[in-house]
Amino acid sequence: MRRRTWKETDHDIDWDIYWTEKEWIHEVMDHIHLGPNQKVNHFRNYYELCRKDNLIKNLKKHKRILEKEGKLDDAAEYNFFPSTFHLPSEYSLFCEEFKKNSNNVWIMKPIGKAQGKGIFLFNKLSQVSQWKSDTRWKPDSPQVTKFSINSTHQIG
């Protein structure tokens, strides 16, 4: 088996792997084309898949497109992710779903955070109401941390 030997280069075009900050992707990638051997450690619009809230948004959107096109069997394949709501904008929709599935455990995650920071589980609407009052919650306020809520599983 032949082993590759990698070496650092200052060349702008002739490289195999480019390890960079994500900002480079936005500044440079629109102006160059990668060769079949070239790889970059980030990809354009990565947050559309890597952020949990955007991933769910895109899965829901694709499912709606399939339904609109009459591909109902294909759309049914998109029932694998949990019910998800974005707070504060979808709070009333979440409350309706919560009342229908009051035995579920729900997980509330701050949008755009990492490493489990700010995540909590709840099974009573009053626990979210407490969070809501503790954060001076106003749907249009830029200071409010936005959250996504997912149904996890049913109890008993």
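With assigned to a loop (DSSP other than H, G, I, E, B) and on the phi > 0 side of the Ramachandran plot as the only criterion, which of Asn37, Asn45, Asn79 stands out?
Sole residue among the options that is assigned to a loop (DSSP other than H, G, I, E, B) and on the phi > 0 side of the Ramachandran plot: Asn45.
Does the stretch 104-114 include one or more residues that are within 22 Å of the chain's Cα centre (by Cα), assigned to a helix (DSSP H, G or I) and modelled with pLDDT under 85?
Narrowing the stretch 104-114 to residues within 22 Å of the chain's Cα centre (by Cα): 104-114.
Imposing the further condition that a residue be assigned to a helix (DSSP H, G or I) reduces the set to none.
No - not one qualifying residue is present in the stretch 104-114.
Each row is one residue, and each column tells you yes or no for (1) exposed (fewer than 12 other Cβ atoms within 10 Å of the Cβ); (2) hydrophobic (A, V, I, L, M, F, W, C); (3) farther than 30 Å from Phe80 by Cβ.
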{"position": "Arg3", "(1), (2), (3)": "yes, no, yes"}
{"position": "Lys7", "(1), (2), (3)": "yes, no, yes"}
{"position": "His11", "(1), (2), (3)": "yes, no, yes"}
{"position": "Tyr18", "(1), (2), (3)": "no, no, yes"}
{"position": "Glu21", "(1), (2), (3)": "yes, no, yes"}
{"position": "Val28", "(1), (2), (3)": "no, yes, yes"}
{"position": "Phe43", "(1), (2), (3)": "no, yes, no"}
{"position": "Ile56", "(1), (2), (3)": "no, yes, no"}
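Given the criterion under 30 Å from Val128 (Cβ atoms) and in contact with a Lys or Arg (Cβ under 9 Å, 6 or more places away or on another chain), identify the matching residue among Lys117, Lys60, Lys52. Can you show your working first?
Working: Lys117 fails: in contact with a Lys or Arg (Cβ under 9 Å, 6 or more places away or on another chain); Lys60 fails: in contact with a Lys or Arg (Cβ under 9 Å, 6 or more places away or on another chain).
When all the criteria are applied, what remains is Lys52.
Can you pull out every residue in the stretch 120-146 that is outside any loop (DSSP other than H, G, I, E, B) and at pLDDT 70 or above? Within the stretch 120-146, Phe120, Leu121, Phe122, Leu125, Ser126, Gln127, Val128, Ser129 meet the criteria.
Count of the stretch 62-78 residues, restricted to those that are of a type outside the set (A, V, I, L, M, F, W, C), within 19 Å of Ser151 (Cα to Cα) and out of contact with any helix residue (DSSP H, G or I) (no Cβ under 8 Å at 6 or more places or on another chain), is 1.
Just one of the listed residues (Lys57, Lys99, Lys61, Lys117) is touching a strand residue (DSSP E or B) at 6+ places or on another chain (Cβ under 9 Å) and assigned to a helix (DSSP H, G or I), namely Lys57. Summed over the stretch 26-82, residues that are more than 30 Å from Asp16 (Cβ to Cβ), among the hydroxyl-bearing types (Ser, Thr, Tyr) and at pLDDT below 85 total 0. Taking the stretch 67-95 as the range and being crowded, with 17+ Cβ neighbours inside 10 Å and more than 16 Å from Met108 (Cβ to Cβ) as the test, only Ala75 passes.
The values are calculated or read from the model by the stated rules, or taken from the named source; none is laboratory data. Computed from a predicted structure; not experimentally measured. Here Cβ is always computed from backbone atoms with ideal geometry, including for glycine, and neighbour counts include all displayed protein chains.
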